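Every number here is computed from the coordinates shown, using simple stated rules; none is lab data. These figures come from a predicted structure and were not determined experimentally. All Cβ positions, even for glycine, are placed from backbone atoms using ideal geometry, and neighbour counts span all protein chains on display.
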Amino acid sequence: MTIATRELERVVREIADEMSARPDRGEVAGYIPELARVDRNAFGLVVVDDAGNVAAAGDCDVPFSIQSISKVFTLTLALGKAGDRLWQRVGREPSGSPFNSIVQLEYERGRPRNPFINAGAIAVTDLILSGHQPRELLGEIVRFMQFLSDDDSIGIDEAVAASEQRSGFRNAALANYMKSFGMLENPIDYTLGVYFHHCAIAMSCRQLAMAGRFLAHLGRHPTTGLSVVQPERARRINAVMLMCGHYDGSGEFAYRVGLPAKSGVGGGILAIAPGKASIAVWSPGLDANGNSYLGRVALEALTKRMGWSVFGA
Ligand code: DON
């Protein structure tokens with residue numbers, strides 16, 4: 001083991017210890033009943049570096065609901081299917097609005113601002129659904145996650161999917177509204193069903209950090225050497241994550257952490273240090289924008305100590 005690897009392991013353990021001692025943890029997501037039951041004190045952190053070394057601490061092998069982090073992977077699949085035509089369906093500008101906002105959709109005639117707000121992710125799901133049965137597409141999405149993570153045990157938490165399906169009135173409103181502008185091709189129930197299920201994929205920090213490796217390494221899957229996406233596409237997905245990955249908290253996140261990253265209301269964050277590492281953190285308590293509170297604090301500490309911000313030291 002190199003000195004640099006030992007140093008990384010020390011920093012990761014140190015941050016996990018610091019986080020477990022903090023009383024300020026945010027609040028778990030209440031609007032999806034199944035997520036409201038998750039232990040607010042859980043914390044996990046995993047870093048996979050460019051040489052494939054894994055530094056892990058805390059609840060790093062406990063699966064949690066990846067929620068909106070799944071949108072990075074559906075965006076990747078959609079770009080593979082439609083290429084730049086995707087951008088006719090959805091923009092790539094920060095929204096400055098909450099993740100489930102409906103107001104912007106009216107001004108912009110049903111074309112969501114970016115692929116990470118709920119409306120945008122529903123439009124992306126609709127695009128990849130065309131030509132498939134919902135179950136077939138879900139299988140494809142799960143297999144993609146398994147391939148990226150080198151782990152066949154990844155699956156969907158059906159209880160979380162059912163919980164959101166019963167309570168997802170806001171997403172149903174967004175989908176209906178887009179449909180009224182002719183922006184969705186498939187039956188709303190099908191599109192929303194797939195969307196709720198891909199948000200309900202359960203993964204641990206270890207599995208998630210492994211899944212993000214291709215974004216840190218010019219689009220390559222490091223274990224097989226296969227190209228997941230072209231380097232230019234990996235760079236662009238990272239750019240959208242940096243600008244839009246934390247909704248109306250994206251500016252603050254860039255200011256404090258300085259890495260492309262995507263959050264989910266399950267309390268996870270996937271962050272990419274291009275050329276250096278793929279990082280996953282999990283702490284279920286959220287801030288006012290619906291992003292993991294301690295997850296952000298931990299990433300701020302990590303990028304500072306490792307000198308990993310894309311904006312320099
Ligand atoms: O559609 C929803 O509201 C959830 N399935 C996902 C939202 C989410 O994760 C927002 N991220 N912080």
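Inverting the pair-averaged 1/r between distinct Cα atoms of segment 161-269 gives 16.2 Å as its Kirkwood hydrodynamic radius.
Placing unit charges on each Cβ (+1 for Lys and Arg, -1 for Asp and Glu) gives the chain a dipole about its Cα centre, and among ILE188, VAL265, SER167 the Cα reaching farthest toward its positive end belongs to ILE188. Under 20 Å from the Cα of LYS304, which aspartates and glutamates turn up, not counting those fewer than eight places away in the same chain? Answer for LYS304, where 20 Å is the Cα cut-off: GLU7, GLU9, GLU14, ASP17, GLU18, ASP49, ASP50, GLU252, listed by chain and number. To the nearest 0.05, what FRET efficiency results for ARG166 and SER20 with a Förster distance of 30 Å applied to their C-beta separation? Efficiency computed from Cβ-Cβ geometry: 0.35.
Reported to the nearest whole Å, the Cα centre-to-centre distance from segment 10-37 to segment 56-85 is 20. Taking every alpha-carbon pair within the chain, the share separated by more than 32 Å comes to 19 percent.
For the chain, the dipole from Cβ point charges (+1 on Lys and Arg, -1 on Asp and Glu) about the Cα centre works out to 700 debye, to the nearest 20. Applying the Karplus relation 6.51 cos²θ - 1.76 cosθ + 1.60 with θ = phi - 60° to segment 145-160 yields 3J(HN,Hα) values of 5, 5, 4, 4, 8, 6, 8, 7, 7, 5, x, 9, 8, 5, 5, 5 Hz, where x marks Gly and Pro.
Take every pair of alpha-carbon atoms less than 8 Å apart whose residues are at least six positions apart; their mean separation over the length of the chain yields a relative contact order of 26 percent. Overall shape of segment 36-131 was characterised from the C-alpha gyration tensor. The equivalent ellipsoid obtained from it has semi-axes of 31, 19, 12 Å, in decreasing order.
Oblate is the label for segment 1-79, because the ratio a/c of its alpha-carbon gyration tensor axes (a ≥ b ≥ c) is 1.5 or higher and a/b is not greater than b/c.
The slack between GLN88 and ARG10, meaning 0.36 nm per residue of separation minus the straight C-alpha distance, is 23.5 nm.
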